[in-house]
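The values are calculated or read from the model by the stated rules, or taken from the named source; none is laboratory data. Computed from a predicted model, the values in this text were never measured in an experiment. Every residue, glycine as well, gets a Cβ built from its backbone with ideal geometry; the counts of neighbours run over all protein chains shown.
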Amino acid sequence: MNAPATRQDNPFHAGELAVQQRLGIAERMLEIGQRVVRTHLPEQHREFYAQLPFVMVGSVDGQQRPWASVLVGEQGFIQSPHERQLNFAARPVPGDPLAEGLKPGAPLGFLGIELHTRRRNRVNGQVRDVSDQGFSVDVAQTVGNCPQYIQGREMDWVRDSRDLQPRSREALSALDAPARQLISQADTLFIASHAPGAGADVSHRGGRSGFVHIEDDHTFLVPDFTGNFLFMTLGNLALDPRAGVLFIDFESGDLLTLTGRAEVVWDGELLKSIEAFEGAERAWRFHVESGWRLRAALPLRWRFREWSPNSLITGTWEEAAARLEAERLAQTWRPYRVTRLVDESRVIRSFRLQPADGHALPPFKAGQHLPIRLQPVEGQPPILRNYTISSAPGEDSLRLSIKRDGLASGHLHDRLSVGDVIEALGPRGQFTLDATAHRPAVLIGAGVGITPMISFLRHIVAEGFRHRRTRTTHVIQIAHDAEVRAFAAELQSLAGRANGAVRVHAVLSDGGAGASKGPLTIDLLKSLLPFDDHEFFLCGPGGFMQSLYDGLRDLGVRDERIQAEAFGPGALKRRIEGAAATEFTPAPAPAAKQATVVFTRSGEASVWSPEHGSLLEFAEGKGLSPPFSCRAGNCGTCLTRIQSGRVRYASPPAWRAGANEALLCCTVPAEGGGEHLELDL
Ligand SMILES: Cc1cc2nc3c(=O)[nH]c(=O)nc-3n(C[C@H](O)[C@H](O)[C@H](O)COP(=O)(O)OP(=O)(O)OC[C@H]3O[C@@H](n4cnc5c(N)ncnc54)[C@H](O)[C@@H]3O)c2cc1C
Ligand code: FES
């Protein structure tokens, strides 16, 4: 990290800039880097080093191989005589490769870390001089790091601080059984890296036990979670893939120190697993070349106290594999057991669900829904309905919040108890949101249309905690009265955890304490929102959404800034101009006068003509039962693959179907290409 700046005012070297540019954050990081990357140690950091009984060190040996090490001494063994120097009254653990990297002028990286307070601080510099008692370092760069992913541990001395002699020293050329055991249970590691002309560095990585996956005797995989975006380690690896990794057995004082190469996984098959790994943004793979096990080398031991709250919202590779397996079952009707019922209002009840087939919960995006299949009337065909998942991704169950309405919802309210099982396909839906976007979000939910909004908000708050920045969000909840208003307390509690980034407004038909009096007009909306470039998310009755959409468009809000989901028939009529109009309007061709439609699964071919109605109605008339729910182009349940031919939509549906897909409920064969239509049905 301690690179000569590529520009006078830029603290980052070419490797760090390359990673930041790849992720599109270089511009933002320049301003942050200038603030947080210093060339001196502020007073408070000098005092911090002076109170440490150990410090992590990154060094390079004679063959330019990086190693991560730990240096131990009585509290006060590190002193900073002035803001550009650190003195260490300690020598490396005998047999630790650090000894080779301790030469005047050699680059060193330090990580001061306190496991009981989770404080940490990073310094890079060069060795100034070395003596029998210790060495001193000229400071080149310093960065105060945040406490994320550091598990809480209490420390004890078990022998004299000067007794650093390992009880045995074993050379490794691959990962043997004890090494694999330590790594597979590890929740913490330290990685050393080095870039030509840019110094050495050492960095902490933490997660839940199982966050490191051993691929074989020479390789393991480590997820990269959201950090400080400086990309010091990844930046060094971009210039030189050699790296060192240290695992500490906190209970025995054993050290497992490895050197080899680390490659960042930017593409390929593994991306799916990374995506399924809760909290992982990317991953790096370490190829072990050699290493040492230094048994009971440290005179220190640590007692586990608590998980870092950040680690707790991350996954493991095993969980990622289980989620991928669950994703593969998206088209299978899976059984889910009801584990909890909560009445959210007089009319809305929440059902917590857990898979009852031994597979993991399916991954989903906030705002997506679950198609469920029920048989309310014995002997009658099952019915299919969609329900938004009102919990957020990463939670340990799925929550559906259902308003008592007609056949299916009435059955769910009256008949479903804890322990009962219902069937569901995998989550789906295009009404989703980017929880980390910078543009403020306005979530407007009317009646039971609050369900996607509560999922969005839970997700925004969780991601805000993970990323240490919460997307500014206004929730506007419209309900008839306080009795039918669901989630009032939950919304307030989420807002309370968002450090002022979330505001909740209620609009009730009869007004009432703390609420505005409905209906929600554009004027009322303007009075509730500060002037800004917002992104709107709407869910509620069709007429309500249409008038809100039209009002927002009249105010100059662009169509693409308004996302909407209808639970029932009646898709939003969008006013789309320019190039976007062509993008969103599928197949503007007129309807065919007559067409031969082949249902390829049954092999049946029949003649369609306009009086048969939509392809869904036509298929039903032929005795087929394609799944459907909204029958209005909103939910995607009737989405079917077109094997040949073209279809026509009467008006653009809310669900954006792909070029070779048809929403059967709102399409007919198109003229000029649809006269012979083959559907995967
Ligand atoms: C993407 C999506 C997400 C959804 N998310 C949710 C959610 O999170 N929560 C939720 O509660 N719902 C949600 N829905 C709606 C849900 O799928 C059902 O449509 C809803 O529960 C009504 O189904 P039902 O079987 O209870 O009512 P139905 O029996 O289908 O009746 C629908 C409506 O017609 C009325 N009706 C029925 N028969 C008659 C009749 N003979 N005469 C007059 N009126 C009649 C009923 O009273 C009711 O108002 C969602 C829908 C979609 C498409
Ligand atoms: S049934 Fe909902 S899109 Fe066709």
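Results, tabulated for the structure shown:
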quantity: Unmet criterion (only one of (1) in a loop (DSSP other than H, G, I, E, B); (2) under 17 Å from the mean Cα position of the chain (by Cα)) for Q430; calculated: (2)
quantity: Any chance L400 is outside any loop (DSSP other than H, G, I, E, B) and closer than 24 Å to L324 by Cβ; calculated: yes
quantity: Residues satisfying the stated conditions in segment 118-135, i.e. surrounded by fewer than 19 Cβ atoms within 10 Å (Cβ to Cβ) and either free of Cβ contacts under 8 Å to residues at least 24 places away in the same chain or outside any loop (DSSP other than H, G, I, E, B) (or both); calculated: R119, Q126, R128, D129, V130, S131
quantity: Qualifying residue in segment 147-155 (condition: among the β-branched types (V, I, T) and either under 19 Å from V222 (Cα atoms) or within 35 Å of the chain's Cα centre (by Cα) (or both)); calculated: yes
quantity: Evaluation of S184 against (1) farther than 16 Å from V70 by Cα; (2) assigned to a strand (DSSP E or B); (3) among the hydroxyl-bearing types (S, T, Y) (one fails), failing number; calculated: (2)
quantity: Scope segment 220-279; condition within 27 Å of R468 (Cα to Cα), free of Cβ contacts under 8 Å to residues at least 60 places away in the same chain and in a loop (DSSP other than H, G, I, E, B); matching residues; calculated: D267, F277
quantity: Among (1) farther than 23 Å from G633 by Cβ; (2) touching a strand residue (DSSP E or B) at 6+ places or on another chain (Cβ under 8 Å); (3) crowded, with 18+ Cβ neighbours inside 10 Å - the single one V421 does not satisfy; calculated: (3)
quantity: Out of P363, P376, P335, P382, sole residue that is more than 13 Å from ligand 1 (Cβ to nearest atom) and over 28 Å from A435 (Cα atoms); calculated: P335
quantity: Members of segment 542-599 found to be over 24 Å from I444 (Cα atoms) and either among the basic types (K, R) or modelled with pLDDT of 75 or more (or both), listed by number; calculated: P590, A591, A592, K593, Q594, A595, T596, V597, V598, F599
quantity: Conditions (1) assigned to a loop (DSSP other than H, G, I, E, B); (2) over 18 Å from V347 (Cα atoms); (3) under 30 Å from the mean Cα position of the chain (by Cα); number of the one not met by L520; calculated: (3)
quantity: Tally, over segment 633-662, of residues that are closer than 21 Å to P590 by Cβ and assigned to a loop (DSSP other than H, G, I, E, B); calculated: 10
quantity: Residue count, segment 523-557 (criterion: in a loop (DSSP other than H, G, I, E, B) and closer than 20 Å to E490 by Cα); calculated: 1
quantity: Residue pairs meeting the criteria (Cβ under 7 Å; at least 6 apart or on separate chains; first within 18 Å of P669 (Cβ to Cβ) and within 12 Å of ligand 1 (Cβ to nearest atom), in segment 626-652; second among the aromatic types (F, W, Y) and part of a loop (DSSP other than H, G, I, E, B)); calculated: G633/W655; C638/F628
quantity: So A424, is it over 30 Å from V212 (Cβ atoms), touching a Leu at 6+ places or on another chain (Cβ under 6 Å) and of a type in the set (G, A, S); calculated: yes
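Residue-wise test of (1) assigned by TED's automatic domain parsing to the domain that holds A670; (2) more than 14 Å from ligand 2 (Cβ to nearest atom); (3) surrounded by 22 or more Cβ atoms within 10 Å (Cβ to Cβ); (4) within 26 Å of R575 (Cβ to Cβ).
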position	(1), (2), (3), (4)
W608	yes, yes, yes, no
E620	yes, no, no, no
G623	yes, yes, no, no
C630	yes, no, yes, yes
G633	yes, no, yes, yes
L639	yes, no, no, yes
S644	yes, yes, no, no
S651	yes, no, no, yes
A659	yes, yes, no, yes
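Yes or no, residue by residue, for (1) within 16 Å of ligand 2 (Cβ to nearest atom); (2) surrounded by fewer than 20 Cβ atoms within 10 Å (Cβ to Cβ):
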site	(1), (2)
Q368	yes, no
R385	yes, no
K403	no, no
L412	no, no
L416	no, yes
I444	no, no
M453	no, no
H459	no, no
